[in-house]
Amino acid sequence: MPQRTAKQLFRDYVEIWETGNLDGLGATIHDEYVGHTSSGDRDREGLRQRIMAFRQGYRNARFGIEDQLAERDKVASRLIATATRAADAQEVVLYGLNISRIADGRIIEEWMAWEVQPAAPA
């Protein structure tokens with residue numbers, strides 16, 4: 001099986017967030033993963049828990065990767081997601097920036113920032 005490019009690896013990772021299917025997490029996220037977030041660092045188990053919490057808090061999430069740049073062992077991505085907030089059924093738009101560092105064909109470290117906004121009225 002050919003090794004995934006950094007961009008494709010990140011796209012596979014986004015699919016895990018979108019679908020909630022955690023089966024591919026081990027093939028996508030390194031055992032020594034560290035995620036740097038505004039609320040503190042998390043390991044792979046913390047990431048698994050965060051994905052499950054996201055899936056409970058937001059329904060019908062759809063992610064779009066607007067831009068991606070890859071160089072050496074990093075891929076930077078700008079994302080926009082739409083979802084329905086479970087607590088109040090409000091449609092929201094999530095804007096995200098992510099930088100992922102790749103080692104051994106998996107994401108080993110990442111830095112991310114997300115902002116949630118109400119969706120514009122139709």
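For a paramagnetic label modelled at 7 Å from the Cα of T5 toward its Cβ, which residues of segment 15-35 fall within the zone defined by backbone nitrogen distances under 18 Å? Answer for this model: 15. For the chain, the antiparallel share of DSSP beta bridges with both residues in that region comes to about 90%. GNM on the chain, alpha-carbon springs under 10 angstrom: the most fluctuating residue among D12, D88, D41 is D88. Taking Lys and Arg as +1 and Asp and Glu as -1, the other residues whose beta-carbon sits under 12 Å from that of V116 total -1. For segment 7-21, 3J(HN,Hα) computed residue by residue from phi via the Karplus equation (6.51, -1.76, 1.60; θ = phi - 60°) reads 5, 5, 4, 5, 4, 5, 5, 4, 4, 4, 4, 5, 8, x, 7 Hz, glycine and proline entered as x.
Among G24, G96, G35, the largest mean-square fluctuation in a Gaussian network model of the chain, built with springs joining Cα atoms closer than 10 Å, belongs to G24. On a 0 to 90 degree scale, rounded to 10, what angle separates helix 44-57 from the longest Cα axis of the chain? Here the helix axis deviates by roughly 20 degrees. One quarter of the convex hull surface built on the alpha carbon atoms of segment 1-109 amounts to 6.9 nm², the projected area averaged over directions. Got the relative contact order for the chain handy, in percent, Cα pairs under 8 Å and 6 or more residues apart? So the answer I get is 26 percent. For A86, the residues whose modelled amide H falls within less than 5 Å of its own, excluding neighbours fewer than 5 places apart on the same chain, are Y58, R59. Amide H contacts under 5 Å for A119: E91, V92, V93, restricted to partners 5 or more places along the chain or on a different chain, H placed in the peptide plane at 1.01 Å from N. Largest GNM mean-square fluctuation across A61, A86, A76, computed for the chain with C-alpha springs under 10 Å, falls on A86.
The distance between label points at D41 and Q90 comes to 3.4 nm (points 7 Å beyond Cα on the Cα→Cβ vector).
Every read-out reported here was derived from the displayed coordinates using simple, explicitly stated rules and does not represent laboratory data. Worth saying up front: this structure is predicted, and the values here are computed from it rather than measured. Every residue, glycine as well, gets a Cβ built from its backbone with ideal geometry; the counts of neighbours run over all protein chains shown.
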